[in-house]
Every structure is written in structure tokens, then in C-alpha cells.
Amino acid sequence: MPLREVRLAQARAQIAALASAPASSGEVLAFGDARVDGRLPGGGLTLGCWHELAGEGLELETAAAPAAFAACLARPMARRGEIVWVLRRDDLYAPGLAGLGFPAERLIQVCARDEAEALAVIEDALRTPGVWAVFGEAEGVGLVEGRRLQLACERGSAAGFILRRRPYGGRPLRTAGSAAATRWRIAAAPSEPAPGETGLGPPRWRVALERCRGGRTGAWLMEAWEDQDAAHPFRVVAELADRGLAAEAPLRRAG
Amino acid sequence: MQLPFALIAADRGVRRLYAADAAAQALGLYPGQKATDAVALVPELATADADPAGDLAALNALADWCVRFSPAVAPDPPDGLFLDITGAAHLWGGERAMLDDLLDRLAAAGVPARGAVAGSAGAAFALARFGMDRTVAETGEEAAVTAFLPTAALRLGPEDAAQLARLGLSRIGQLVALPRDQLARRFGAQTLLRLDQALGRAPEALAFRRPPTPWFARLAFAEPISAPEDLGRVAGDITALLCRRLEAEGRGAGRFELAFHRLDGRSERLSVGLSLPGRRSAPIVRLFAPLLEKVDPGFGIEAATLVAERVEPLAERQTSLETLGEIAPEDGIGPLIDRIANRLGEARVWRAEPFASHIPERAVVRRPPFAPRAAGDWDRGRPRPVRLLRRPEPIEAAAPIPDDPPIFFRWRGQLRRVRRAEGPERLAEEWWRQPPGQTSPSEVRDYYRVEDETGARYWIFRAGLYGGAAPPKWWLHGLFG
């Protein structure tokens, strides 16, 4: 039946168009280091997509390291337009963000009452013109919600950062797959003060890129630049073996 | 046949009639009579206890109902209502038609009422209570229409009224004929003021339930409506109506209150707020849309009113070459904040602003997103955590040397060895906020920034000093991430 085949071909073309790489603005947020940028499609974190960041261990509940990392990451964007941070628990401390060089006084903070509300606000904010980045704290994003977030990102050309965070004492949520463009796992790493100095050095993170559409995964040790006006917020200290993080975590939890 | 009915209230230990209905008054009963006398005269009298608080609540409810006639309604306890109908009567085709409509509806609802329209509140009061029912007096003829009304219509205190009665002054016209200076000397300034107010010669401040506003729109329907899509259309139409007027006068409003008036006299109220004053109807209608679902139309809705509040001048926005590519807040972030604030509540959307205080909890204030920014910048010199726990959590810490950071501590059941530490940063209580003599050294906090072996960075503090009355305690206050 020719008509049926024509229809099938049309449907296939539609599916192919939907499944292809997200039609983003093409703009990327570069890390400024070939070791990281080389793994990401387009040479940096694609804007007009949403990215997932999670901690590990207790950090899944507090989400402090992902928040600090994301704030550093979005620092170059914050000077360009509006930034919205959707919280589930209002423990975000603006002076701390300001200390990382993030213009905290411009940040619009929203505290949602539940997961569904948080996701609805994140989607609405991503859709809004003039909003450059949206940080959202959510327990998990399912495939349908993830797809909705992606469509919202494309429409508003904003970047979304979903910080995985579960309620205190809650059970980890298992989500089947994810529509995120990239998935990162952020853990704090011991800092190194400059020689001859005491106290703590600039914050360091073990940053694992666990999933990357159209790119490759990797893991790095990154440090925030002391100079907050630097073009790129991070200095890549070292590249880590990919497996190191996953093997280490359960041992520590036992101790 | 209906039994005579009266309300009874205890007045200094004596139960007296508080109010009597028409049937009871026809039998010679009057308010203020002793209840025992009244029952002796009219044995079949039905009585109930008076409930002044309930009366006041009912009067306020009636005032809210009257908003369909005019946004400015002032209750006049115990049993009166003032409506400022300036600029609203034309919607009914005149003051008489409006008064008839109001009183007919009240009668249909079983509320016996009398009414009058006059140029001053005092004259309207006098005419409604002592004149012909449904009198409409033109502005300027107050003196003429009130001349033959009793002086009791002037809202005087009991002593003044008794004094007038003693002197045989029973009509307002007789008072007007007297010389003013004599009147003031004999009866006091209050009597003169009330007289002037009745005649429209002195202004009178009425306590309106809501301030009178010219930003008011009304739609009435020939047939009652109740379908959700009709409500949506009405919300759109009435908003467009008011927004056109706002635009014509170069103004915008920060809050819109929509009321659907039902056939049974109740009204359903919806209200939306804007973070930036606006007058474009489409976004406002979109804010109303989710609220419309909760409207219960009852047996039908016969009128809708919309009031704009926080009206202020709003300049027409101009697109210049510099701003061509940018998105103005009115188009992007403004409506977003309105949607969030109306759905989650205004307290759930904020912008943090620095506040001059060294107490960490107090160093941040929340401000509405578009509030003008205060001067002042963050204190970036001292390390502050990204997450500040709402209340510090107690930790078990081992610090071998006083005034040194701990070498390990236990938080949430997990032992953490301190690898590096910074501090202390001593934060004392803000003694100037406390009453004198209430400050104590136990409120001193020594903050340390510590890093454990995994690299996690914490903000911990020790409350109190070594060698004090109580041993110092350790707390975890924030996470640097």
C-alpha cells in the first residue's frame, strides 16, 4: 500500500528530526581547557539544553558541592541576563554565592513546596525570554519531564542546571534514563593552599562527566580560580581515571 | 400570622428590648423597654438574645455584597450603609434606577431596608431614616429636603438631642434658622458640625471598607452565567475594559481584584498581583485563568466587577536602538515572577540583598524581585558557606587545645577528621539589640572553616568560651561544598 508507506516514511522522518541532536542555539560555555572541552560536543557545555548535577553520599541530601560548582560554572552567564534558582529547602546562602564571584543580588530565588511544583516552575522559567540560566533542585527528572524541560530550554534558549537533591533521610530515587544533555557528579576534593600559606586553598572538586550526548565521558580535578574576573571559572588541576570515583564511594560510606 | 419578634440584651443587669420588628412595634413595644414589661403586654412575643458582633459581621457581609453597586461602601453600625455612588449611577441609567435596583434586590433577599440618595452623607442618612423612602435629592437642595425632618436625624449624642428637645427644637429647619454663633455656644461644636455635614457644608470622612477608586469596571449580564468558558470570557472582557482605560490615562496597576456576584447575593473574589505595574490585559487574564476553576457559580452569576489597585503612572515604553535586541523585564522575567508569585505566594519568590550585620542569619534580607536595590555590597572578604542550615546542628567535636579548631568531629553519625582549618572568626552578639545587662559571653561564637579528609568543607562554630560557667558547645552551621 503506497499511501501507508508514504505515511510511515513521514513518521520516520519526524522521529529522526526529533531524535537528532537538540536544536540549540549552538552557543557553548567553554571550560577553557582542551582536556574538558574536547570531550563535550561543540567544545563546551551547550546552552539551550539542560544538565544534571548530582553529589554523592550525604551530598545527595545537602547538594552543597553541586550548588557551589554550578554557581561557578554559570558565573559568566550571570552577567548577561536573569538567573533563577528554584529551591526545595531554602538553605541557599547568598553571601556564600557572592564569595564565589556569583552576582547573588541579581539571583531570583523561588522556594517550591513539592517536586511537581518545582519542576513546573523550572520549566516555566526556562521558557521565559530574558532568562539565561535556571538552577533547579529536584529529586529526579523522569523521561517525560526531562523532555518537557528540553523543549522549554530550546524555546527560551536558556540553560538548565538540575541539582539532584533528595529529602533528608529519604531514599534515593531511581530514574530510568534521563533526557539531560550531560550528567555530572560533583564531589568536594581536598584543597591545596598556595605554598607558604596556611588554612584552606581555593575550593576543589572532583568532577565526573558520567553521561554526555554526542561526546565522551571523563573525570577531572578542578579548582575555582581565585581571580573571580577570570574568563573561565575553573582551572583543571588533573585528569582523573574514570573509574576512580565509583570504586571509592562505597568504601567511604562504610567507614 | 407572624408572631411579633424582639431581641433582648442585658443592660446594667436589666433585660431590655434591643430591637423589635414591625409587628411588635405595632403592638406598642419599643427598644429600651424592659423585657418583663414587654412580655406582660404581649404574651405571644417571640424573643432571642441580641448578638451585636453577629450583626456587625452581617453588616460587613452586606457591605461586601454592595460592592456590585459601587466599590466604595462604608458600613455605619449598627444598621446603616453608605455607598459613594459618584460616577457609578450612570451604569444603571440614573440615581433613581440604581436606588430602586438596590432596594428591590434587598427586599427580594428578605432584608427590609430603606434608602435615599443625597449630595451629602448626613442628608442621605436623615432622608433614609426619617424622610420618605427612596427619596432622591439633588445636590444643593439638602437644606430644603431636610428642613422638616426631626432633629434626631442629625446623628447627635443623647445629651445634645435631649437638650434640643427640651428647648422645643424638633425640626432641622428650626436649627438652621438660628444664628450660628448662638447655636455653637449653646449646643457645642459637634451639633454644628453634624448640621453642616447634613447640609453638605462640611466634609465628612467615611470609613470605607475599601478606599474609593476610580479604577473600577463592571459587567452585568441579562441572563445569569455559570459555564467555565463564559467566566473566562467575562474575565477577559472586563480586564480589557479596565486596561483600555488605564492605557488611555497612562497608568498601570499592581493588583487586580475580580469579583463574580452570584444570584444568591454571595460573591466569589479572585485577586492577582503584578510585580511590575502593568496594563496589558492578556498576561493579567492568564493569571486569572487558573483561579477561575475554583469559582463556584452557584445558581448563576449576574454581574462581575474588577477593581485595579496600586495604580500608578506608567510611561509608554519606547524601543531605542540600544535596547532593540534586549528583552525588557516587562516582557520576560516580570510575567514569570507574576505567575510564580500568584501560584506559590509572594513570599516564595525573592531576591537576596546584603544587610549590614555580622550575624550570619541576619546578613541577608529577602526583597521582592523588583524592589529598588539598596546600596551596599556583599562582604566578600570573609568566607561564607553556600548552604546555611536553617538552625545549626549540634556536633560532637574533640578540640584538645582551647581556642583551636577540633581535630575530629561527628556530624550525622559520621566521624570526620579535620585536615585543614581556618579561623577563628569571632562573632559576638549584637549587644545594641539587647536590653542592657542581657548580653553574655556564652553567646560568643568562634567560627572555623574546616576541611575533612574527603575535601568536604564545613562551617562550624563553638558557642561560649572556655572557663565559663557552662562548657562550650560545638555546632555545624553551613556547608561550603
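We did not get these values from a lab; they are worked out from the coordinates using the rules stated. These numbers were taken from a predicted model, which means no experiment stands behind them. Neighbour counts are summed over all protein chains in view; Cβ atoms, including those assigned to glycine, are modelled from backbone coordinates with ideal geometry.
Explain nothing, just the number: relative contact order of region A:1-139, from Cα pairs under 8 Å at least 6 residues apart, as a whole percent.
19
Tell me, what is the percent relative contact order of chain A, built from C-alpha pairs under 8 Å that lie six or more residues apart?
With pairs under 8 Å counted, the relative contact order is 21 percent.
Taking each residue of A:58-64 in turn, how many C-beta atoms of other protein chains fall within 10 Å of its C-beta, and what is the average?
Details: counts 6, 4, 0, 1, 8, 4, 10.
Per residue, the number of nearby Cβ atoms from other chains is 5 on average.
Over all Cα pairs of chain B, how is the pair count split among 10 Å bins, expressed in % and running from 0 up to the last occupied bin?
Calculated over all Cα pairs of chain B, the distribution is 3, 13, 16, 15, 14, 14, 12, 8, 4, 1 percent.
What does the convex hull of the alpha-carbon atoms of region B:5-50 project to on average, in nm²?
Projected over every direction and averaged, the Cα hull of region B:5-50 covers 2.6 nm².
Roughly how tilted is helix B:333-344, in degrees to the nearest 10 and between 0 and 90, from the longest Cα axis of chain B?
Helix B:333-344 sits roughly 80 degrees off the main axis of chain B.
Between B:Ile401 and A:Arg155, how high is the FRET efficiency from 1/(1 + (r/R0)^6) when r is the Cβ-Cβ distance and R₀ = 60 Å? Nearest 0.05.
0.50
Kindly give Rg over Rh for region B:387-479, based on alpha-carbon atoms, with the Kirkwood expression for the hydrodynamic radius.
Here Rg/Rh amounts to 0.99.
Taking θ = phi - 60°, what integer Hz values does the Karplus form 6.51 cos²θ - 1.76 cosθ + 1.60 yield along region B:155-168, in sequence order, with x for Gly and Pro?
These are the phi-based 3J(HN,Hα) values: 6, 9, x, x, 5, 4, 4, 5, 4, 4, 5, 4, 8, x Hz.
Considering the options B:Ala72, B:Leu29, B:Leu17, tell which one lies farthest towards the positive end of the dipole of the protein assembly as shown, charges being +1 on Lys and Arg and -1 on Asp and Glu at the Cβ, about the Cα centre.
Looking along the dipole axis, the top candidate is B:Ala72.
How fast does region A:92-215 diffuse by Stokes-Einstein, in µm²/s, taking the Kirkwood radius from C-alpha pairs at 20 °C and 1.002 mPa s?
The Stokes-Einstein estimate is 129 µm²/s.
How shielded is A:103-116 by partner chains, expressed as the average number of their Cβ atoms within 10 Å of its Cβ atoms?
For this peptide, the per-residue mean of nearby foreign Cβ atoms is 5.
Given just the C-alpha atoms of the protein assembly as shown, how large is their convex hull per residue in cubic angstrom?
296
Dipole size in debye (nearest 20) for chain A around its Cα centre, Lys and Arg Cβ +1, Asp and Glu Cβ -1?
That gives a dipole near 1000 debye.
Note down the net charge around B:Leu415, summing +1 for each Lys or Arg and -1 for each Asp or Glu among other residues with Cβ under 11 Å from its Cβ.
Net local charge, B:Leu415 excluded: +1.
For region B:1-158, state the semi-axes of the equivalent ellipsoid (square roots of 5 times the eigenvalues of the alpha-carbon gyration tensor), sorted largest first and rounded to whole angstrom. Spell out each step's value before the answer.
Working: eigenvalues 202, 65, 44 Å².
Computed over region B:1-158, the values are 32, 18, 15 Å.
Could you give the angle, 0 to 90 degrees to the nearest 10, between helix B:52-65's Cα long axis and the longest principal axis of the Cα atoms of chain B?
That helix lies at roughly 90 degrees to the long axis.
Take peptide B:344-352, look around each residue's Cβ out to 10 angstrom, count Cβ atoms belonging to other protein chains, and average those counts.
6
Taking only the alpha-carbon positions of region B:91-176 and ignoring solvent, what does the Debye formula give for the base-10 log of I(q)/I(0) at q = 0.26 Å⁻¹?
-1.21
Using a cut-off of 14 Å between beta-carbons, work out the net charge of the residues near B:Glu430 (Lys and Arg +1, Asp and Glu -1, B:Glu430 not included).
Working: positive: B:Arg362, B:Arg426, B:Arg433, B:Arg445; negative: B:Glu361, B:Glu429, B:Glu443.
It works out to a net charge of +1.
Sort A:107-120, B:147-160 by the packing proxy (mean of other Cβ within 10 Å over each peptide's residues), most packed first.
So the peptides A:107-120, B:147-160, ranked by packing, come out A:107-120, B:147-160.
Set the Förster radius R0 to 35 Å, insert the Cβ-Cβ distance between B:Glu453 and A:Arg147 as r into 1/(1 + (r/R0)^6), and round the FRET efficiency to 0.05.
Efficiency for this residue pair is about 0.30.
For region A:24-184, how big is Rg over Rh, using alpha carbon atoms and the Kirkwood form of Rh?
For region A:24-184, the value is 0.93.
Residue-wise, which Karplus ³J(HN,Hα) couplings in Hz belong to region B:422-431, taking 6.51 cos²θ - 1.76 cosθ + 1.60, θ = phi - 60°, and x for glycine or proline?
9, x, x, 10, 8, 10, 9, 4, 7, 4
Listed highest first by mean packing, meaning other Cβ atoms within 10 Å per residue, what order do A:148-161, B:44-57 come in?
A:148-161, B:44-57
Report P(r) for region B:220-296: all Cα-Cα distances, bin width 5 Å, range 0 to the bin holding the largest distance, values in whole percent.
3, 15, 28, 23, 17, 10, 4, 0
Enumerate the amide H contacts of B:Gln33 below 5 Å, restricted to partners 5 or more residues apart or on another chain; note that Pro and chain-start residues carry no placed amide H.
For B:Gln33, whose amide H was placed from the backbone, the distant partners under 5 Å are B:Leu17.
What trypsin sites (Lys or Arg not before Pro) in region B:345-428 are in a loop by DSSP, with at most 14 other Cβ atoms within 10 Å of the Cβ?
Details: sites: B:Arg348, B:Arg351, B:Arg362, B:Arg366, B:Arg373, B:Arg380, B:Arg387, B:Arg390, B:Arg410, B:Arg412, B:Arg416, B:Arg417, B:Arg419, B:Arg420, B:Arg426; in loops: B:Arg373, B:Arg380, B:Arg412.
Those that pass, being in a loop and sparsely packed, are B:Arg373, B:Arg380, B:Arg412.
Taking only Cα atoms and a 10 Å spring cutoff, compute GNM fluctuations for chain A and point out the largest among A:Val121, A:Val237, A:Val36.
Top of the fluctuation ranking is A:Val237.
Counting Lys +1, Arg +1, Asp -1, Glu -1, what net charge surrounds B:Ala375 among other residues with beta carbon under 12 Å of its beta carbon?
-2
Once amide H atoms are placed 1.01 Å from N in the peptide plane, what residues at a sequence separation of 5 or more from A:Val237, or on another chain, have their amide H within under 5 Å of its amide H?
It is A:Leu221, A:Met222, A:Glu223, by chain and number.
How much of the DSSP bridge set in the protein assembly as shown is antiparallel, in percent, rounded to the nearest 5?
75
So if I take the centroid of the Cα atoms in region B:113-140 and the same for region A:189-220, what is the distance between those two points in Å?
82
Can you give me the angle between helix A:2-19 and the longest principal axis of chain A, using Cα atoms only, in degrees from 0 to 90, rounded to the nearest 10?
The helix A:2-19 is inclined about 10 degrees to chain A.
When the gyration tensor of region A:1-117 is built from Cα positions, what are the square roots of 5 times its three eigenvalues, in whole Å, from largest to smallest?
37, 20, 14
Could you work out the relative contact order of chain B, using alpha carbon pairs under 8 angstrom and six or more residues apart, expressed as a whole percent?
Worked out over chain B, it gives 8 percent.
Take each of the peptides B:68-77, B:397-406, A:82-91, average the number of other beta-carbon atoms within 10 Å over its residues, and list them starting from the highest.
Values: B:68-77: 20.6, B:397-406: 14.9, A:82-91: 22.5.
Ranking, from highest mean packing down: A:82-91, B:68-77, B:397-406.
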